[in-house]
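Worksheet: the structure to be examined is printed underneath.
Any read-out appearing in this document is the output of simple, stated calculations on the displayed coordinates, not a laboratory observation. Everything numeric in this text was worked out from a predicted model, so none of it was measured. Here the Cβ positions follow ideal geometry from the backbone for every residue, glycine too, while neighbour counts run over all protein chains shown.
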2 protein chains.
Amino acid sequence: MERIKPRTLSGFMELLPGAQLQMDRIMEIIRSSYSLYGFTPLDTPLIEASEILLAKGGGETEKQIYRFTKGDTDLSLRFDLTVPLAKYVALHYADLAFPFRRFQIGKVYRGERAQRGRFREFYQADIDVIGDGQLDIANDAEIPAIIYTVFSRLGLRRFQIRINNRKVLNGFYAMLGLTEKSGEIMRAVDKLEKIGADGVRAVLTDELSLTAAQADDILSFTAIHGTNDAVLASLESYRGRNPLFDEGLDELATVAKYLGGFGVPQENFAVDLTIARGLDYYTGTVYETALLDHPEIGSVCSGGRYDNLAEYYTDRQLPGVGISIGLTRLFYVLGEQGMLNPDAPAAPADVLILPMTDDLSAAVSLATSLRARGLRTQLYTEAKKFKAKMNYADKLGVPFVLFLGEDEINSGVVSCKNMRSGEQEKLSPDAAADRIEAFVKGQLSTAPIIEK
Amino acid sequence: MERIKPRTLSGFMELLPGAQLQMDRIMEIIRSSYSLYGFTPLDTPLIEASEILLAKGGGETEKQIYRFTKGDTDLSLRFDLTVPLAKYVALHYADLAFPFRRFQIGKVYRGERAQRGRFREFYQADIDVIGDGQLDIANDAEIPAIIYTVFSRLGLRRFQIRINNRKVLNGFYAMLGLTEKSGEIMRAVDKLEKIGADGVRAVLTDELSLTAAQADDILSFTAIHGTNDAVLASLESYRGRNPLFDEGLDELATVAKYLGGFGVPQENFAVDLTIARGLDYYTGTVYETALLDHPEIGSVCSGGRYDNLAEYYTDRQLPGVGISIGLTRLFYVLGEQGMLNPDAPAAPADVLILPMTDDLSAAVSLATSLRARGLRTQLYTEAKKFKAKMNYADKLGVPFVLFLGEDEINSGVVSCKNMRSGEQEKLSPDAAADRIEAFVKGQLSTAPIIEK
């Protein structure tokens, strides 16, 4: 028979078992954290009618989309989780309770040029709160608490959630008579870290034709920094000159006010006037999340407030606020940085039983009793030499091996080997199970990510 | 703006929040049951190169596949989880330990004619054990134990795992000199339940040109039934006439021998000589699982033993045994039958906090303390009338509501309403949390499926 060379498409992540277990653990932490805040899981189709996904139309996205026909139907693979959410909320409006809080962890597809660390199939892990007509600003204050919970449960401490408000920025530009250029100015300011203040000044004056005074005003505004209280106090000095600015400032102040109560420590949060987010979509609060020791990674969790989720499908005004974690890229980058905890559980089983007799009855019963105690148990059944069996145990990385030969069966014990320490001793099956259970419980507190 | 009518494609399941939570719970039970037996999770791409997925070629599958090009690449969506597994094992052979035990719960795609209860996007939940060169028959005995664990944890008792062995069937047909017609005979026998013994006899004699004596032999063989011991004893009377038959009988007997030790009760298991499975793929043990009170549903979990998983991609002989649950269809059918437990948790939160003051600080702190105890807590932040707030609580279906007004804040209590009983009383925040926690713990033992 002619063989076909097995391969996985470029830009598609396919993990080996140990890494997959680490990825699953990270996903489970995200899932349970989102649930803790009262978000409900959704699972929408990977495929939608193209007219639905492309309702907004235009732009880079359309070029990247996986689009095809099946029969007479023009279909596309989803390229984010927001457009399917918009469709879902418009379609099922009557059956939903608002504010509608949902999370979704799912794969999305973008046919980007393949390059290292860029994926064409990748997970996004999103939450959104959708209001019907209006949505209180307190929701915007809860979002950083959720980000904080997720990342601290993953094992991180050195991260900062950065927040700004587009109304503050747009209001400030309006004070300078620059409303029409606000989008371009934000994109210029967004480059501050990359090209420096002088570089931004040059763009503002040379490319956007601002006066030197206007450019100075913008740069000194952007340079405001300090504690959250200090930044908010500085912003107060601009109050009363533009209603949009004042509204944005009130929103920022409310978010800052509730954050402590929501459990976010001061050091993990900053009002940062340089954060703008590229997308036109956002209209109020915007979020980014930086790993402080790894600025090169960029934001690991971003989002913001928008006025109208589903305007392409319904006349109803559905404002919302949400964030997204680009999970596949995050996992890849953490691996590159050596930040995946090697002590985190990565074995398919807690214990491997190696029977040393032809008849497996005793081993089968032992496996059943361990499983009844909730221990992930594998029974090795192959007729191989001892060395091959031990190689198998090593390759799986199981923490414990139980040997069961004639002697053990006759004495009602098992030989229990701790594969980490190499220690081996004869124990009653219950005592062995206790020991394995204690280890498994200890492993539960092992974070999947370590800082370095 | 012109609106586009929101819709979800026909044949694609999209659940409302309550149903989605039930589906997720079922998935979680399957996942944890598979893990308990030492299977490791895999997550392979939804998209593969068409030459990989269609290596086997031909048949109905090819017509149903979602196939398209992106740039120059000929791509297809996976139509099952077995072909991607074959590719995975062939590709990553050197990095895997054999026997390789993996589970995968993922969506697959088949562009079938849309009809009620048929899905084009649906979940399969598969396990497979793959050996390198050989794989002990004891693995085949463990599979029914896994099926038993899954379905009993889901809440079912009235189900039966039916097992047969293709070597027994093929060996028996060989005794009758009918080896070349064995595939057709199996397909005829497969119709026994539908067309009856006389119908099958007519097919055997008229269509397949068997003699009346051959047809009688086949029908009396198929009619063997009784306890597992009785069926195996009847089969012993055929021993010694065909080596393949004898091998199959030994395998069946070994599987039956270990089943009790693996924890499968007699009443949930039957050696059933009418089970053949349509696919040529299977070479030994075959499984089906019937819901005894709902024969119309057909098998809810099927699978078997195969000789060569990855023959299209590698010269290595990789025998395996596995099963698959068609999860989306199962969930749909259970819903149709009214078998989804209405008492199973279906709310996005365990408790909803309704603040009765403008300042939310006290409510925010309360939410944070409940979340610190692991309770899924939603804080309602909208400035609505009391009635609207209660309607919201009702629509979400949360089991508990905590009211927090000036009085409660000043007295250091919360008004705790049990939404099931309607009872409301003032409690300390800790006492309220205790009450909610007790309810949540009780709910954990609620099975997602009820029999009726």
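Listed values, structure above:
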| read-out | value |
| --- | --- |
| Principal semi-axes in Å for the stretch B:130-220 [√(5λ), Cα gyration tensor, largest first] | 32, 20, 9 |
| Averaged over B:344-352, number of beta-carbon atoms from partner chains that fall within 10 Å | 3 |
| Chain A - mean residue ellipticity at 222 nm from DSSP helices (-39,500 (n - 2.57) per run, n ≥ 4, rounded to 500) | -12000 deg cm²/dmol |
| Ranked A:LYS181, B:LYS87, A:LYS167, criterion: other C-beta atoms within 10 Å, fewest first | A:LYS181, A:LYS167, B:LYS87 |
| Neighbour net charge for B:ILE409 - beta-carbon separation under 13 angstrom, K R +1, D E -1 | -4 |
| Degrees between helix B:212-222 axis and first principal axis of chain B (Cα, 0 to 90, nearest 10) | 40 degrees |
| Chain A Cβ-axis minimum, rotational copy B, residue and distance in Å | A:PHE68, 2 |
| Approximate spin-label separation B:LEU16-B:SER237, in nm, with each point projected 7 Å along Cα-to-Cβ | 5.8 nm |
| Positive dipole terminus of the stretch B:1-131, leading residue within B:GLN115, B:PRO45, B:MET13 (C-beta point charges) | B:GLN115 |
| Whole-Hz couplings from phi, Karplus 6.51/-1.76/1.60, listed for the stretch A:28-39; x for Gly and Pro | 5, 5, 5, 4, 6, 5, 4, 5, 4, 9, x, 8 |
| Nonlocal amide H pairs with B:LEU404, under 5 Å, H built at 1.01 Å | B:LEU354, B:MET356 |
| FRET efficiency, 1/(1 + (r/R0)^6) with R0 41 Å, evaluated for A:ARG116 and B:THR61 via beta carbons | 0.75 |
| Around A:SER209: net Lys/Arg minus Asp/Glu count, Cβ-Cβ under 11 Å | -2 |
| Vicinal HN-Hα couplings computed from phi for the stretch B:297-306 (Karplus, 6.51 cos²θ - 1.76 cosθ + 1.60; Hz; Gly/Pro x) | 6, x, 6, 9, 7, 9, x, x, 9, 10 |
| Label-point gap, in nm, between B:ARG373 and B:SER209 - each point 7 angstrom along Cα→Cβ | 7.9 nm |
| Per-pair calculated FRET efficiency, R0 = 22 Å: B:HIS92 and A:ARG3 via Cβ, rounded to 0.05 | 0.85 |
| Rounded FRET efficiency, nearest 0.05, which uses the C-beta distance separating B:ASP74 from A:LEU444 and R0 of 30 Å | 0.10 |
| Between the stretch A:378-413 and the stretch A:142-210, the alpha-carbon center distance in angstrom | 59 Å |
| Check: the protein assembly as shown dipole with +1 on Lys, Arg Cβ and -1 on Asp, Glu Cβ, in debye | 280 debye |
| Residue mean of other protein chain beta carbons inside 10 Å, A:40-53 | 6 |
| Cα centre as origin, Lys/Arg/Asp/Glu Cβ charges: chain A dipole, Debye | 1260 debye |
| Sorted by Cβ density within 10 Å, fewest first, the residues A:ARG118, B:ARG241 | B:ARG241, A:ARG118 |
| Residue order, fewest to most surrounding Cβ atoms within 10 angstrom, among B:LYS5, A:LYS441 | A:LYS441, B:LYS5 |
| Amide H contacts of A:LEU15 (H built 1.01 Å from N, under 5 Å, at least 5 apart or other chain) | B:ASP43 |
| The stretch B:285-321 residues near the modelled B:GLU51 label - backbone nitrogen below 16 Å, point 7 Å along Cα→Cβ | B:312-314 |
| Average other protein chain Cβ within 10 Å of Cβ, residues B:17-24 | 4 |
